[in-house]
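For reference, the structure is listed below as structure tokens.
What follows is calculated from the coordinates using simple rules that are stated; it is not laboratory data. Owing to the predicted nature of the structure, the values given are computational and were not obtained by experimental measurement. Note: ideal-geometry Cβ built from the backbone for every residue, glycine included; neighbour counts use all protein chains shown.
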Amino acid sequence: MNAITLTGLTIWNGHEIVAADAIRIEGENIAAVGDGESLQRNSTRISCDGATAIPGLIDAHVHLELNPEHTVAPAHTDMDQGPQMAERAAAMVRSGITTARDLGGGAWLELALRDRINAGELPGPRLICSGQPITSLRGHCHFWGGEAANLEEARTVLQRQVDHGVDLIKVMASGGRMTRGSDPSKAQFDLETLSAIVAEANSHGLPVAAHCHGTQGIEVAARAGVSTIEHCSWVGKEGWASDYQAPIAKLILEQGIWVSPTVNKGWQRMLDSKNSSVLDRVRKAYVKMLELGIPFVASTDAGIPGIFHHELPLALKVFSQIAQLSPEETLRCATSNAARALGLDGRTGALLPGFAADIVLVDGNPLTDLAALTSPVGVWTRGRNVLAP
Ligand SMILES: [Zn+2]
């Protein structure tokens, strides 16, 4: 087997800095993490003096089908996105994103891309895909084809995703901003319907990710036992983050649900804004959830207007500032924690023997400044080098 040993490294393994300076890669996997002198035997040695190795980054919420250069919301699915989607995937891995969860498209093109990446035909991150989100009639992102007026129709939409080979089910539990006429503060499904959707998905071995802006939708999703709550914006009558409710947050914790707040680089404008009331409310809600022990994952909603697919490294610094997380806590949200949330624990998210060789090298120390992530100097994805050091 072709073995490669990266030497001269500082290694942050997804959890902590370890007393080792080398990583040995065999095939797709990490064979060993340890001392360079002993690991490099019978391998090609690549000297990486001065670089810090971290696990490949995970973006828990993207839409490969959406073109971020479009400033208006899509009215229908663009069927000619295949080549552009492959370019987006390639840009993502070169930026150090080796896993991404795609939470919605209309034509399952991202599943085809997932399979080609898995087959080694194209460079790109490991993709976890939901296909068409289940939504209400004329509800959030109905243009993707997942409208359901009742449980029976929701089951039909769900089965269609199963038939296409999805990895999870996405449900729009509240309205959203991207779809005219849908109300972020309102729940789109009642508890009975959403619980039945979750049970049906789970019976196929699929977890459920729920888009929730409003508190109403968050409560229904938490009670129904989804796996991840996307956005979790606590929208109420008084606007964004105006309706944080401690008992519902406690329910999220008790149900073991992960929160994926989709803080991207666009949120910098909230940090820069002179009127900081929304920032104060959002920050308070995040800090309260984190203090309670609710686990967070990093995510960007890439593909929405102005948010490019390869920009998670830029988003992480903004995320750390808004959620008041240390750089190390932030990195865990984008590596080891995210892998657990996505059901990939043991495969990625950490630099440990037996895990996939998903490795990013950066100059400088990302534990003191997350800006180091924005210019990686080497990237391996499942043992394949996509950016040479
Ligand atoms: Zn989204």
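Could you work out Rg/(2.2 N^0.38 Å) for the stretch 1-123, with Rg from alpha carbons only?
Numbers: Rg = 18.5 Å, N = 123, 2.2 N^0.38 = 13.7 Å.
Ratio of Rg to 2.2 N^0.38 Å for the stretch 1-123: 1.35.
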Practice problem: Compare Asp163, Asp369, Asp115 in a GNM of the chain, Cα atoms joined below 10 Å, and give the one with the largest fluctuation. | Solution: Asp163
Quiz item: For helix 191-203, what angle does its Cα long axis make with the longest principal axis of the chain, in degrees from 0 to 90 and rounded to 10?
Solution: 40
Practice problem: Would you work out the relative contact order for the chain, in percent, from Cα pairs under 8 angstrom that are 6 or more residues apart? | Solution: 20
Exercise. With springs connecting C-alpha atoms under 10 Å apart, model the chain as a Gaussian network and identify which of Leu66, Leu122, Leu312 has the largest mean-square fluctuation.
Key: Leu122
Quiz item: In which sequence would Asp49, Asp345 go, from the one with the fewest C-beta neighbours within 10 Å to the one with the most?
Solution: Asp49, Asp345
Exercise. Report, in degrees rounded to the nearest 10, the 0 to 90 angle that the Cα long axis of helix 109-118 makes with the longest principal axis of the chain.
Key: 20
Quiz prompt | Degrees separating the helix 312-323 axis from the principal Cα axis of the chain, which is the longest one | solution = 60
Quiz prompt | Fewest-first sequence of Arg332, Arg138, Arg177 by Cβ atoms within 10 Å of each Cβ | solution = Arg138, Arg177, Arg332
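Which order do the peptides 98-106, 27-35 take when ranked by the mean count of other beta-carbon atoms within 10 Å per residue, highest first?
Details: 98-106: 28.3, 27-35: 17.6.
In decreasing order of mean packing, 98-106, 27-35 become 98-106, 27-35.
Sorted by packing (mean other beta-carbon atoms within 10 Å per residue), highest first, where do 226-233, 55-62, 254-261 land? Don't skip to the end; give the middle numbers.
Values: 226-233: 27.8, 55-62: 29.9, 254-261: 20.9.
Averaged packing, sorted descending, gives the order 55-62, 226-233, 254-261.
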Quiz item: Say the dipole of the stretch 57-341 comes from +1 at the beta carbon of Lys and Arg and -1 at that of Asp and Glu; which of Ser276, Ile294, Val259 then lies farthest toward its positive end?
Solution: Ser276
Quiz prompt | For the stretch 333-346, Karplus couplings with θ = phi - 60° (6.51, -1.76, 1.60), whole Hz, Gly/Pro x | solution = 5, 9, 9, 4, 5, 4, 4, 5, 4, 8, x, 10, 4, x
Quiz item: Which value in nm describes the separation of the simple spin-label points at Leu292 and Ala19, placed 7 Å from the Cα toward the beta carbon?
Solution: 4.0
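With the cut-off at 1.5 for a/c, could you classify the stretch 73-211 from its C-alpha gyration tensor as rounded, prolate or oblate? Present the calculation step by step, with values, prior to reporting the outcome.
Values: a/c = 2.12, a/b = 1.57, b/c = 1.35.
Taking the square roots of the gyration eigenvalues as a ≥ b ≥ c, the stretch 73-211 is prolate.
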Quiz item: Can you list residues whose amide H is under 5 Å from Leu122's amide H, if they're 5+ apart or on another chain and H is modeled 1.01 Å from N?
Solution: Ile117
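What does the convex hull of the Cα atoms of the stretch 218-363 come to per residue, in Å³, rounded to a whole number?
Working: hull volume 18.8 nm³, N = 146.
Per-residue hull volume (Cα only) is 129 Å³.
Using Stokes-Einstein with the Kirkwood hydrodynamic radius over Cα pairs, what translational diffusion coefficient do you get for the stretch 57-341 at 25 °C and a viscosity of 0.890 mPa s, in µm²/s rounded to a whole number?
Working: Rh = 18.5 Å.
Rounded to a whole number, D works out at 132 µm²/s.
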Practice problem: Could you tally up the Lys pairs in the chain with alpha carbons closer than 24 Å? Skip any pair fewer than 8 positions apart unless they're on separate chains. | Solution: 22
Quiz item: Highest GNM mean-square fluctuation, the chain, Cα pairs closer than 10 Å: which of Ala86, Ala187, Ala19?
Solution: Ala19
Practice problem: Quick one: what are the phi-derived ³J(HN,Hα) couplings along the stretch 87-97, Karplus 6.51/-1.76/1.60 with θ = phi - 60°, whole Hz, x for glycine and proline? | Solution: 5, 4, 5, 5, 5, 4, 5, 5, 8, x, 8
Quiz item: Over the stretch 246-380, what is the mean sequence separation of C-alpha contacts under 8 Å (at least six apart), divided by residue count, expressed as relative contact order in percent?
Solution: 21
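Quick one: Thr348, Thr156, fewest Cβ neighbours within 10 Å first, how do they rank?
Numbers: Thr348 26, Thr156 12.
So the residues, fewest neighbours to most, are Thr156, Thr348.
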